[in-house]
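Following: one structure in structure tokens, then a few remarks.
The numbers here are math on the coordinates, done by the rules we state, and not lab data. Owing to the predicted nature of the structure, the values given are computational and were not obtained by experimental measurement. Reconstructed Cβ throughout: ideal geometry from the backbone, glycine too, with neighbour counts over all protein chains shown.
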Amino acid sequence: MQRIGVFVCWCGSNIAGTVDVQAVSEALKLEPGVVFSTNYQYMCSQAGQQIIKDAIKEHKLTGIVVCSCSPRMHEATFRKTAAAAGLNPYMVEIANIREQCSWVHKDVPTGTEKAIILGKAAVAKVNLNAPLTPGESPVTKRALVIGGGIAGIQTALDIADAGFPVDIVEKKPTIGGKMAQLDKTFPTLDCAACILTPKMVDVAQNEKIRIFSYSEVEEVKGFVGNFDVKIKKKARYVNEDVCTGCGACTEKCPQKKVPNEFNLGMDNRRAIYIPFAQAVPKVATIDPNYCTMLKTGKCGVCSKVCTAGAIDYKQQDQIIEEKYGAIVVATGFNPISMDKFEEYAYSQSKDVITSLEFERLTNAAGPTAGKLLRPSDLEHPHTIVFVQCVGSRCENCAEKGKEYCSKICCMYTAKHAMLVRDKYPDTEVYVFYIDVRTPGKNFDEFYRRAVEEYGVHYIKGMVGKVTPEGNKLKVQASDLIMNKQVHIDADLVVLAAAIEPDKSARPLATMLTASMDTNDFFTEAHPKLRPVESPTAGVFLSGACQGPKDIPETVSQAGAAASKVIGLLAKDKLTGNPCIASPNEQMCNGCSSCERVCPYGAITYVDKEFRMPDRTTLMRRVAQVNPAVCQGCGACTVACPSGAMDLRGFASAQIIAEVDAICK
Amino acid sequence: MKVSYFPGCTLKTKAKDLDLYARKSAEVLGITLEEIENWQCCGGVFTTAKDEVATKLSSVRVLKAAKDKDQALVTVCSACHNVVKQTNSAMQNDKEFADKVNRYMGEDGGYDGSTEVYHFLELIRDVVGFDKVKEKVVNPLNGEKIAAYYGCLLLRPGKVMQMDDPENPTIIEDLIRALGGEPVIYNQRNECCGGYVVMEDPALAESKSKKITSNARSFGAERMVTACPLCKYNLEKNGSDLPVVYFTELLAQALGVKEECK
């Protein structure tokens, strides 16, 4: 028989306001096994914990029930208290009489009655509790960062700085991500390349960091501290270790008509290419979709001009297998497609562009060498219309845009507008907006400068229609403040397209068993208190894969994710959760039902010898649980048809005892 | 293929051409238009007032008549099509409205919104196919520059009508191409002609229509084509001297049956 102590918490007036705590502690004193019962103002306080410790010793308690807040809040606290008094921490049960009782009831009799029932259930369970000891698993001291944009770069640098090896997997031929494509950055207007490329060089030169560029994560197995990852290094048909990045091949390649994705297709590159001058690693890549040699077997110009002998047309995809202790997701974002926004005539005119295309048009390394020229006729535009919220804050239009605010557009549009007015004062600039949202350090000041000092025309209202006519774009819009229609003949229209998570994020989330929201942004473990961790242990989030973010915010989150990774990798061993599945081999009939439902691959089958009552030996196939892999979800206990599978700490008998206590 | 056909009032009076040419062309294309018996006005406009049921009942009766024959329902007039299609969608998706309507229907029996509603243009595109139409052309339009005018009712609300991209449609242009003409893409092609505003503020309607026709002309159009009697009225009355015809006339001309209609 257990000797159980019951501790009822008032939680100030949170519980005591709607629950008669004295009545609860007295009622529970009468339950079987209960030898001690009391109540106190704040059980979680030091004094409250002392009451528990003293009672454990004085009454030789073998189990305790704390009637308090949700176990998510203080279960760990009271387990530690019990352990400090020499009691196994898994002999502690929490009856949640706050969130599930006092907070949801208004009158004291109902609240008290329910609190007593919840307490009885917990007592019934503790009567069947057994001491549990958690296992330990080692930690592989290497981190994987998926995505090589500014988020991934910063995370990798910070982890490496703490002395742990890091691998970056980037699907493009170079790291750098979206930031490498930007011209200037708000609100300071420093050049994006000037602040990003030194970091890219740091990554390349850091001995602790390996870059797998032009590579993708193929498979992830294992669990926190012990991930087994397969990385596919796509064939780039150039030997990375030999290529010097001289670029001779990219000048001589006869296939000149390949849309250059770095400039968003606004100019062309060759079939063998280096995305941009500061690319890391600075090695060439052959695009197999356009390379004549790879397609027809006839050409070989790049191989002839390469003095280093780096070209290898026979290169194959390569699979790299590596172990990691932690994984950071930094897969970033993309602007949404403008295909479904025909009212802005994006597909009908080359002079309707997205903001990212605008960045390339004003970038010195872009298709126009930094001169702002209309894509259609390379003339200088004299009237530019910016449209904000294209696809953002789009209510009831899931098939077209996004319901959320993309967050960065107000600021980069103010930046674009200001830069145009600064460089080309003869240009009239209009910005159409729903709201201007510029919170952030020096952000609102920046936007006001665009309006007040640079004379950008900000008009509250949306553009209804853009129609190309001759070499003009007829813009029809509404001015909500003046309450009138506005017609502007523009030379260039720039659309601030909503941003969405990269398409690679969804399959990656499945591989990692990490959760996502309905917009395919990764979900954090807690929106306020654990913003850089995924609910899946060992998986961390960095940058826009978790939600729209600007550069400063991305860099802070990247650093925060790195510090969480460092905290994990600094440990030699991880304490596991002892509440895992355990099969009763006598009852197991080897049907494999549990193996099929286990989401973690923790169950295997073995053939085992059993002594029968008639002294014969029988070989039977029975389930085995890998304690390091099992997460204690309980799916197998439900699936098992013979009732052989049980969850430690949550055995069927314990649950039924709780239900019985409630229904009595 | 046999389909139920709802011409609508205007097609029996002011817009006889739209109706006659559609019937003749359909014959050539292997479609039998079976006119619904004892049909009434579609209701004229699909009012957005939630409690308005009476004006929508005639549309429901038409839809039900088609359903009783297990046929798809075809309309030609943009306005009728708009009302019938929106009513059908409301019968499918607005339970409260559907319940009310079905109580009014009384002895006629209930209707569940399951009739398939086609505009004649959709029928040609989706059932016949523009390539098939092209084969049947005996009198090609010889590259005549024709401006398609969509107006408001044919395509909007886009979610309900689901005929084409309401901002950048192609269906009439594709038809013109199939008939051997050269479609003129001009930017006012789906702006409003002024519609019923012509009754209350003729000057406004005039300015809207003028804008459309002069825009089409500036892009080199020789003729304009529409599916809506009211658009045709406004464009002709208030627009320039650019000829405006129904798309069915164009079709009948190219299929070589125009003269038979006279």
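For the stretch A:459-585, what number results from the quotient of the Cα radius of gyration and 2.2 N^0.38 Å?
For the stretch A:459-585, the normalised Cα radius of gyration comes out at 1.71.
From the phi of every residue in the stretch A:346-353, what ³J(HN,Hα) in whole Hz does the Karplus formula 6.51 cos²θ - 1.76 cosθ + 1.60 yield, where θ is phi - 60° and glycine or proline is x?
Computed from phi, the couplings for the stretch A:346-353 are 4, 7, 9, 9, 5, 8, 9, 10 Hz.
Under a point spin-label approximation (7 Å from Cα along Cα-to-Cβ), what is the residue A:26-residue A:423 distance to one decimal in nm?
Label-label distance for residue A:26 and residue A:423, simple model: 8.1 nm.
Tell me, what is the percent relative contact order of chain A, built from C-alpha pairs under 8 Å that lie six or more residues apart?
13 percent
Bin width 10 Å, origin at 0, all Cα-Cα pairs of chain A: what percent of pairs per bin?
Reading upward from the zero bin: 3, 13, 18, 19, 17, 13, 10, 6, 2, 0, 0.
Rounded to the nearest 0.05, what FRET efficiency do residue B:27 and residue B:114 give with R0 = 30 Å and r taken as the Cβ-Cβ distance? Could you check?
Approximately 0.60, to the nearest 0.05.
Using every pair of alpha-carbon atoms in chain B, split the distances into 5 Å bins beginning at 0 and state the percent of pairs per bin, rounded to integers.
Each 5 Å bin holds this share of Cα pairs: 1, 6, 13, 17, 19, 17, 12, 8, 4, 2, 0, 0.
Say R0 is 41 Å: what FRET efficiency, to the nearest 0.05, do residue A:621 and residue A:537 get from their beta-carbon distance?
0.85
Quick one: if the Förster radius is 51 Å, what FRET efficiency do residue B:93 and residue A:35 give, using the C-beta to C-beta distance and rounding to 0.05?
Using R0 = 51 Å, I get an efficiency of 0.20.
Rg and Dmax of the stretch B:176-258 over Cα atoms: what are they, in angstrom?
13.1, 41
I'd like the mean, over residues of B:178-191, of how many other protein chain beta carbons sit within 10 Å of each residue's own Cβ.
Per-residue shielding by partner chains comes out at 2.
Please sort B:233-239, A:270-276, A:453-459, A:61-67 by packing, taking for each peptide the average over its residues of neighbouring beta carbons within 10 angstrom, highest first.
A:61-67, A:270-276, B:233-239, A:453-459
In nm, to one decimal, how far is the modelled label at residue A:83 from the one at residue A:380, with both set 7 Å along Cα→Cβ?
The two pseudo-label positions are separated by 7.1 nm.
Per-residue mean of other chain beta-carbon atoms within 10 angstrom of the beta-carbon, peptide B:158-168?
So the per-residue partner count for this stretch is 3.
Subtracting the Cα-Cα distance from 0.36 nm times the residue separation, let me have the gained length for residue A:398 to residue A:585 in nm, one decimal.
Full extension of this stretch gives 62.2 nm more.
Which percent of Cα-Cα pairs in the stretch B:1-96 sits in each 5 Å bin, short to long?
2, 14, 24, 24, 19, 10, 4, 2, 0
So how much slack lies between residue A:320 and residue A:452, counting 0.36 nm per residue of separation and subtracting their Cα-Cα distance, in nm?
Additional length available on full extension: 42.0 nm.
Using the alpha-carbon centroid of each, what span in Å lies between the stretch A:270-324 and the stretch A:442-495?
Computed from Cα coordinates, the inter-centre distance equals 45 Å.
Working out 0.36 nm times the residue gap between residue A:219 and residue A:110, then minus their Cα-Cα distance, what length gain in nm do you get to one decimal?
Separation in residues times 0.36 nm, less the Cα-Cα distance, equals 34.0 nm.
In nm, to one decimal, how far is the modelled label at residue A:60 from the one at residue B:9, with both set 7 Å along Cα→Cβ?
9.8 nm
Nearest 500 deg cm²/dmol is fine: what mean residue ellipticity at 222 nm does chain A get from its DSSP H runs of n ≥ 4 alone, each adding -39,500 (n - 2.57), divided by its residue count?
-8000 deg cm²/dmol
Say a paramagnetic label sat at a point 7 Å from the Cα of residue A:489, along Cα to Cβ; which residues of the stretch B:198-213 have their backbone N under 17 Å from it?
B:211-212
Which cross-chain or sequence-distant (5 or more) residues have an amide H under 5 Å from the amide H of residue A:284, H modelled 1.01 Å from N in plane?
Result for residue A:284 returns A:245.
Using the scaling law 2.2 N^0.38 Å as the reference, what is the normalised Cα Rg of the stretch A:235-315?
Compactness ratio reported: 0.99.
Which whole number of Å³ per residue matches the convex hull of the alpha-carbon atoms in the stretch A:581-648?
About 80 Å³ per residue, rounded to a whole number.
Using θ = phi - 60° and the Karplus relation 6.51 cos²θ - 1.76 cosθ + 1.60, list the HN-Hα couplings for the stretch B:234-242 in order, rounded to whole Hz, with x at every Gly or Pro.
Going residue by residue, I get 5, 5, 6, 6, 10, x, 8, 8, 5 Hz, with x marking Gly and Pro.
Above 22 angstrom, tally the Cα pairs of the stretch A:392-541 and express them as a % of all pairs, no decimals.
Taking all Cα-Cα pairs of the stretch A:392-541, the fraction more than 22 Å apart is 56 percent.
Within the stretch A:636-660, what residues put their amide N at less than 20 Å from the label point 7 Å along the Cα-to-Cβ vector of residue A:608?
A:636-653
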